[in-house]
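Have a look at the structure below before the remarks.
The values are calculated or read from the model by the stated rules, or taken from the named source; none is laboratory data. None of the values given here were measured: they were computed from a predicted structure. Cβ atoms come from the backbone with ideal geometry, glycine included; neighbour counts cover every protein chain shown. Just so you know, the surface numbers come from the protein's heavy atoms only, side chains and all, with ligands and any DNA or RNA stripped out. Shrake-Rupley method; radii C 1.70, N 1.55, O 1.52, S 1.80 Å.
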Amino acid sequence: MRPRPSFLLLALALFALGVVLSLLRSPKEGDLRPRRLGPLPEVGVVVAARDVEYCGYHTPCGPGSRTDTIFYLRLAGGEVKGVAVPRDLYSPVAGGKINAAYGRGGAELLKRAVEEATGLVAERHLILTLESVARVVDAVGGVEVVLEKPMRYTDRAAKLYIDFPAGRLHLSGEDAVKYMRFRHEALGDYARLDRIKEVMGQVLRKAQNPATWPALTLALQEVWRELDTDLSLEEVLPHLPALRGLRLSLATLPTREGPGTFLYVDEGAKRTFLAAFFGATTPATPPKVEVRLKGLPELVAWAQTFLAKEGIQAEAEVAQVAKSGVYTKDPEAGAYFADLFHLPLLAPHVPVPGVVVELGQDLLQ
């Protein structure tokens, strides 16, 4: 089992893989080659995906000005830590919801809005489209998800039809985008952000399989032209070898409800959580927290025995799991178990008692 990079690193790794595979050309066309330059340099990057703009009934006009998926990612050495920013967050610098910042002032205003919300420095940006995400998902053969209940929503004007039954599903790129866009449930945008983390982690794992690379190469030649980014292949590609060993941690910015449809940064919770999240180190001894294993029976049995040898007692639950990971609201405990199992640390919005380690089919592939 290996750690999985985040949304940004997924995009960069896939673009780089496509270039590596297409480098069967003469030296006159350039000399882009992956080289071992050591750990990635420390940098903060705003990653966002643009929604679709409609200029009339059933008439899409292309990528819109809203960025309904926004992440702040901090790369430092062998780690990447990311914070998802809800689209309905009020941004003073943008004069409204933060998802409108890109349309009002481009990537620079979006970066300023994210910096204002998180208190963190964002030096670079990477803006994707929903169509580019769908093509990358198709190139790796789709993704699997597990729904506890049916997912249904219809927007005839936008030609958006979501009708997924409960259970384990295999989604194409188009359906995976629908799955990530869905927000008509109790937790709304928070649940949507958790689903985005889930899908992109799966795509990265499949992209590491050389069998997917020919299809990825074709898809990425088109995807690259749709990006709005200040990251070039010339600066990204030499660091490709460093991506495989990165440790991943993802969380959601603490917010509170406010007047109207706005969310507001919960300043007290933000300071406490982000200080612990970005400053978290792996404890030398097992943290004293409740631990629950969830997943396939053979993996749960193995993990329970493994933890027992470490002096850790864990409850076990056999269940369907689409993507393996460590889920907790405790950054230090999460760092310990993510390192122990070599899994990404994902801090969901919903409360999680102690630490939950989910072990799914993706670990057996």
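Qualifying GluC sites (Glu not before Pro) in the range 283-365, where qualification requires a DSSP coil assignment and no more than 15 other C-beta atoms within 10 Å, comprise 290, 310. Other residues within the sphere of radius under 14 Å centred on the Cβ of residue 296, judged by their own Cβ, net out at -2 (K and R +1, D and E -1).
Output the pairs from 81/288; 294/329; 206/270; 149/197; 81/270; 206/288 with a Cα-Cα distance over 27 Å in this structure; if there are none, say none. In this structure, 206/270; 206/288 lie more than 27 Å apart at Cα. What percentage of the solvent-accessible surface of the range 298-365, computed with a 1.4 Å probe over protein heavy atoms, is contributed by carbon and sulfur atoms? Carbon-and-sulfur percentage of accessible area, whole number: 52. With a cut-off of 13 Å between beta carbons, the residues surrounding residue 260 carry a summed charge of -1, where Lys and Arg count +1 and Asp and Glu -1.
With a 1.4 Å probe and every protein chain left in place, work out the accessible area per residue of the range 246-352 in Å², rounded to a whole number. Don't jump to the answer; show the numbers that get you there.
Working: 5120 Å² over 107 residues.
On a per-residue basis, 48 Å².
Summing charges over all other residues whose Cβ lies under 13 Å from the Cβ of residue 219, with Lys and Arg as +1 and Asp and Glu as -1, gives -1.
Charges were assigned to the Cβ only: +1 to each Lys and Arg, -1 to each Asp and Glu. The resulting dipole of the range 251-360 about its Cα centre is roughly 120 debye.
Bridgeable aspartates and glutamates around residue 97 (alpha carbons under 14 Å apart, same-chain partners fewer than 8 residues away excluded): 68, 88, 116, 189, 257.
With the cut-off at 1.5 for a/c, could you classify the range 309-365 from its C-alpha gyration tensor as rounded, prolate or oblate?
On the way: a/c = 1.38, a/b = 1.16, b/c = 1.19.
Rounded, since a/c falls under 1.5.
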